[in-house]
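Undergrad: Before anything else, here's the structure in question.
The values are calculated or read from the model by the stated rules, or taken from the named source; none is laboratory data. Keep in mind that this is a model prediction, so the values were computed, not measured. Cβ coordinates were reconstructed from backbone atoms using ideal geometry, including for glycine residues, and neighbour counts include every protein chain displayed. The accessibility values were calculated without ligands, DNA or RNA, using every heavy atom of the protein model including side chains. Shrake-Rupley method; radii C 1.70, N 1.55, O 1.52, S 1.80 Å.
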Amino acid sequence: MQRSLYEPDHEGFREVVATTVDRAILPHMDRFIQERVIDRSVWREAGKQGILGLEIPDEYGGSFADDYRFNAIAAEEFSKVSMGVNSCLQIHFDITVPYFVAYGTDELKQRLLPGMAAGELVSGIGMTEPSGGTDLAALKTNAVADGDDWILNGSKTFITNGYGADALVIAARTSAEKGARGISLFVVEEGMPGFERGRKLDKIGQHESDTAELFFTDVRIPAENLLGETGEGFIYMMEKLAQERLGCAISNIAHAKQILIETVEYAQERKAFGKPIGKFQHLKFLLAEQDTKIDVSQAYLDWCVEAKNAGTLTATDAAKAKWWSSEIQNEVLDACVQVFGGYGYMNEYRVARAWQDARVSKIWAGSNEIMKELIGRDLGL
């Protein structure tokens, strides 16, 4: 499909990201998977190329372009390599950093944002809790005022970059009686007494992605590490979740599209009964269906990116993009595994790892069931 979303400057940036991937990521992927973490050298290289500062203003060392198409390109190129690589990097530059920029004090931004733009500091965000899952309004992690400071207690789980992040945005309840209006956002930094990390979680996919549990025991949070206003955290999260869900959707389709390309190549090369397997009508039709699903989904996502740039992307638009793209991604990858046959079930083949990596996309950033609930409410149901 011929896309009209990008201009020459964007395609030039794509080359920068692709070169970074080829040089800093691809040669080391096996080691990243074994060690369950992406080297800091990757972060520094991405920072050097201006990829991590896309949401950070120039005065804080960023490469702010005020054009979400650059974010989309970075997500597309990283996702072609693996969902795990993209999830770690995208959580940083596309999801967490905007909280610092929008709600951080000038002191906090001056202190942390230059390092985040350069890849010297890694960030993450802690919303999900062991007992709460998608229900953000039911947070149990709490913060109590102590003079100008806050005392934080609780835990988070399934946190991307959780094991190695230098600074994390943590959602905590500050007023038990106010429900969703009683949640605030705090920045917890490496080395704060009482802040501990659990083990790297053993996931079925995205092994190169650093995912961990976080524990807070009487962690003293200075006043300048409160993001925005007390009690406004839930509203801030709702404002930012549309961008997070759009970013996930972009990653989903880019990931599936790349594996489909590789599957078509395999179907052209692999022979059975004297001819390439792609020549058999069933597989030809199967791959034609997947290609169509990708193109139709891509058209909607490109529209969403344009709406994001125009400031008209709604939470419902983003919810549709998130749930639809994750369903299509999983359908496409399941078909790709089938084309590879027994080899598609072997971890040494990228299609097998991609299939495992994709399953979580129906769950994170709000489960698909929650996305449909949001869309249904918008219909007045």
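Undergrad: Ranking request for peptides 337-347, 2-12, 39-49: highest mean number of other beta-carbon atoms within 10 Å first, then the rest in descending order.
TA: Descending mean neighbour count gives 39-49, 337-347, 2-12.
Undergrad: What FRET efficiency comes out for the pair Glu120/Glu35, r = Cβ-Cβ distance, R0 = 22 Å, nearest 0.05?
TA: That pair, Glu120 with Glu35, gives E of 0.65.
Undergrad: Between Glu244, Glu224, Glu265, find the one with the highest GNM mean-square fluctuation for the chain; connect C-alpha pairs within less than 10 Å.
TA: Top of the fluctuation ranking is Glu265.
Undergrad: Also, I was wondering about something else. Picking from Gly162, Thr312, Ile25, whose Cα lies most toward the positive end of the charge dipole for the chain (charges on Cβ: Lys, Arg +1; Asp, Glu -1)?
TA: Value computed over the given set: Ile25.
Undergrad: When all alpha-carbon pairs of the stretch 86-149 are counted, what percent fall beyond 20 Å?
TA: Within the stretch 86-149, distances greater than 20 Å cover 45 percent of Cα pairs.
Undergrad: With each label point set 7 Å from Cα along the Cα-Cβ vector, what nm distance links Ile363 and Trp303?
TA: Spacing of the two 7 Å Cα→Cβ label points: 3.1 nm.
Undergrad: In the stretch 131-218, which trypsin sites (Lys or Arg not before Pro) are in a loop and have at most 11 other Cβ atoms within 10 Å, using DSSP for the loop call?
TA: Hits after loop and neighbour filter: nothing returned.
Undergrad: Could you do me a favour and compute the accessible area per residue for the chain, 1.4 Å probe, result in Å²?
TA: Per residue, the chain has 44 Å² of solvent-accessible surface.
Undergrad: Given a 1.4 angstrom probe, I'd like the percentage of the accessible area of the stretch 276-332 that is carbon and sulfur, rounded to a whole number.
TA: The computed percentage sits at 60.
Undergrad: Then there is this: In the neighborhood of Lys140, defined by Cβ-to-Cβ distances under 13 Å, what is the net charge if each Lys or Arg adds +1 and each Asp or Glu adds -1?
TA: Combined, the nearby Lys, Arg, Asp and Glu give 0.
Undergrad: Right, something else. Let me check I've understood the local charge: for Glu331, count other residues with C-beta under 10 angstrom from its C-beta, Lys and Arg +1, Asp and Glu -1. What total comes out?
TA: -2
Undergrad: Further question on the same structure: Taking every pair of alpha-carbon atoms in the stretch 222-379, what share in percent sits in each 10 Å bin, from 0 to the bin with the longest distance?
TA: Final binned percentages: 10, 33, 27, 17, 8, 3, 1, 0.
Undergrad: Would you work out the relative contact order for the stretch 100-214, in percent, from Cα pairs under 8 angstrom that are 6 or more residues apart?
TA: The value is 25 percent.
Undergrad: Please give, to one decimal in nm, the separation of the simple spin-label points placed at Thr312 and Asp66, each 7 Å out from Cα toward the Cβ.
TA: For the pair Thr312/Asp66, the computed spacing is 1.9 nm.
Undergrad: While we're looking at this one, here's another question. For Val16, project a label point 7 Å along Cα to C-beta. Then give me every residue of the stretch 101-128 with its amide nitrogen under 19 Å of that point.
TA: 113-121
Undergrad: If the reach is capped at under 12 angstrom between alpha carbons, list the aspartates and glutamates near Lys200, excluding any in the same chain fewer than eight residues apart.
TA: List returned: Glu35, Glu208, Asp210, Glu213.
Undergrad: Once both axes come from the Cα atoms, what is the angle between helix 281-310 and the longest principal axis of the chain, in degrees from 0 to 90, rounded to 10?
TA: On a 0 to 90 degree scale, this one is about 30.
Undergrad: Carbon-plus-sulfur fraction of the accessible area of the stretch 1-111, 1.4 Å probe, in percent?
TA: 47 percent
Undergrad: What is the calculated FRET efficiency for Asp106 to Ala145, with r their C-beta to C-beta distance and R₀ = 25 Å, to the nearest 0.05?
TA: So the FRET efficiency works out to roughly 0.70.
Undergrad: How large is the Kirkwood hydrodynamic radius of the chain, counting all unique pairs of alpha carbons, in Å?
TA: In the chain this quantity evaluates to 21.4 Å.
Undergrad: Also, quick follow-up: Is the shape of the stretch 46-162 best called rounded, prolate or oblate, per the rule: a/c under 1.5 gives rounded, else a/b larger than b/c gives prolate, else oblate, with a ≥ b ≥ c the square roots of the Cα gyration tensor eigenvalues?
TA: oblate
Undergrad: From the cross-link list Lys156/Lys322; Lys240/Lys284; Lys240/Lys372; Lys156/Lys178, which pairs have alpha carbons spaced over 30 Å apart?
TA: Too far apart for the 30 Å limit: Lys240/Lys284.
Undergrad: Let me ask another. Could you give log10 I(q)/I(0) at q = 0.14, 0.18, 0.20 Å⁻¹ for the stretch 155-248, computed by the Debye formula over C-alpha point scatterers of equal weight, without solvent?
TA: Here log10 of I(q) over I(0) equals -0.59, -0.94, -1.10.
Undergrad: Take the solvent-accessible surface of the protein heavy atoms, probe 1.4 Å, and return the percent of it on the stretch 137-177 that carbon and sulfur atoms account for.
TA: 50 percent
Undergrad: Now for a separate question. Which one of Asn309, Asn142, Asn225 has the biggest mean-square fluctuation once the chain is modelled by GNM with Cα springs under 10 Å?
TA: Top of the fluctuation ranking is Asn309.
Undergrad: Net charge around Ile277, counting only other residues with Cβ within less than 13 Å of its Cβ (Lys, Arg = +1; Asp, Glu = -1)?
TA: +3
Undergrad: Tell me, what is the percent relative contact order of the stretch 248-366, built from C-alpha pairs under 8 Å that lie six or more residues apart?
TA: This gives 35 percent for the stretch 248-366.
Undergrad: Of Leu301, Leu121, Gln49, which is farthest towards the positive pole of the chain's charge dipole, taken about the Cα centre with +1 and -1 on the beta-carbons of Lys, Arg and Asp, Glu respectively?
TA: Of the options given, the answer is Leu301.
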